[in-house]
Amino acid sequence: MLWRILPHATACVASEALFLLDIRQDRYFRVPAASAGEMLAWLNRNYAGVVPQTVTDTLVRARILRQGDPEPTNVLKERVTIPTSLAQTDAPAAGKEHPVRVAVSVAGMRLSLRVFSLNHILTGIRTRGPLPRRGPAALIEAQAFERARRMVPIARNCLLDSLALEQWLARRGIGSQIVFGIAPEPFAAHCWLQTADTILNDSFDHVSGFTPILAI
């Protein structure tokens, strides 16, 4: 379960601790224990109401809530399901490889991440409009992308590669979901791409160790 408390901020519980992700700052926050109880109680209410002052104070101190932002909400809840296995296709190598195009796609996304904020890039994905999430077609394209990606001399990074693959699929009319997850002790963050029944660029054994905090 995750909560979208502001257009740019989400929350989740991992190992009984409350975490926030602010994509406007591109930062993760662990809510102090002294404030976490009241904030979690507010998140778990089944109705919208006055935001407790301790919640507002916590968000303001972290600069997640600023002047001009809308009021935080506890009603936008989302349950993210991680597919239990990597789906198989009848012809795993059927996708056509495009090493040069994949190189351009990865390099272009790396440049975008340097020029634009993460919030800008993710807002573009969110407002682009839904695309059909066709698991088998998405997997074939993702596997072809991965084979070509191995020939691209750019260091791998889960954010870079997930965004580049998401864009690659979108240009082919295939929808996917990018998921950001956290592991609390020691803290680690990760992201990956999936459809309803397919993990596209990772394995269940790996991503199951992370609690989703944002999904687009």
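The values are calculated or read from the model by the stated rules, or taken from the named source; none is laboratory data. Fair warning: this is a prediction, and the values are worked out from it, not measured in the lab. We place every Cβ from the backbone using ideal geometry, glycine too, and count neighbours over all the protein chains shown. These accessible areas exclude ligands, DNA and RNA; they are computed on the full protein's heavy atoms, side chains included. Shrake-Rupley method; radii C 1.70, N 1.55, O 1.52, S 1.80 Å.
Can you give me the relative contact order of the chain as a percent, contacts being Cα pairs under 8 Å and 6 or more apart?
Relative contact order of the chain: 24 percent.
Taking each residue as 0.36 nm, the span from T54 to T84 lengthens on full extension beyond its C-alpha to C-alpha distance by 7.0 nm. Counting only protein heavy atoms and a 1.4 Å probe, the chain has 51 square angstrom of accessible area per residue.
Length gained on full extension, D205 to R114, computed as 0.36 nm times the residue gap minus the Cα-Cα distance: 29.7 nm. Between the beta carbons of R45 and T127, assuming R0 = 30 Å, the FRET efficiency works out to 0.55 to the nearest 0.05.
Taking 7 Å steps out from each Cα toward its Cβ at E16 and R150 produces label points 4.4 nm apart. To the nearest 10 degrees, how steeply does helix 99-115 sit against the main Cα axis of the chain, on a 0 to 90 scale? Helix 99-115 sits roughly 20 degrees off the main axis of the chain.
Between 0 and 90 degrees, the angle of helix 158-170 with respect to the longest Cα principal axis of the chain falls at about 60 degrees.
Against the chain, whose longest principal axis is taken from its Cα atoms, helix 33-43 shows a tilt of about 80°. For segment 174-216, taking the reciprocal of the average inverse distance between every pair of different Cα atoms yields a Kirkwood hydrodynamic radius of 10.6 Å. The accessible surface of the chain, taken with every protein chain in place and a 1.4 Å probe, is 54 percent carbon and sulfur.
Could you grab the relative contact order for segment 93-203? Cα pairs under 8 Å, six or more apart, rounded to a whole percent. If you can, show how the numbers build up before the last one.
On the way: 137 pairs, mean separation 34.0, N = 111.
Reported relative contact order: 31 percent.
Think of it as helices only: each DSSP H run of n ≥ 4 in the chain is worth -39500 (n - 2.57), and spread over all residues that comes to -11000 deg cm²/dmol at 222 nm.
When all alpha carbon pairs of segment 119-203 are counted in 5 Å bins from zero, the resulting P(r) reads 3, 14, 25, 25, 19, 11, 4, 1 %. Rg/Rh, computed from the Cα trace of the chain with Rh as the Kirkwood radius, has the value 1.00. When you filter the trypsin sites (Lys or Arg not before Pro) in segment 1-85 for DSSP loop state and at most 15 other Cβ atoms inside 10 Å of their Cβ, you are left with R45, R63, R66, R79.
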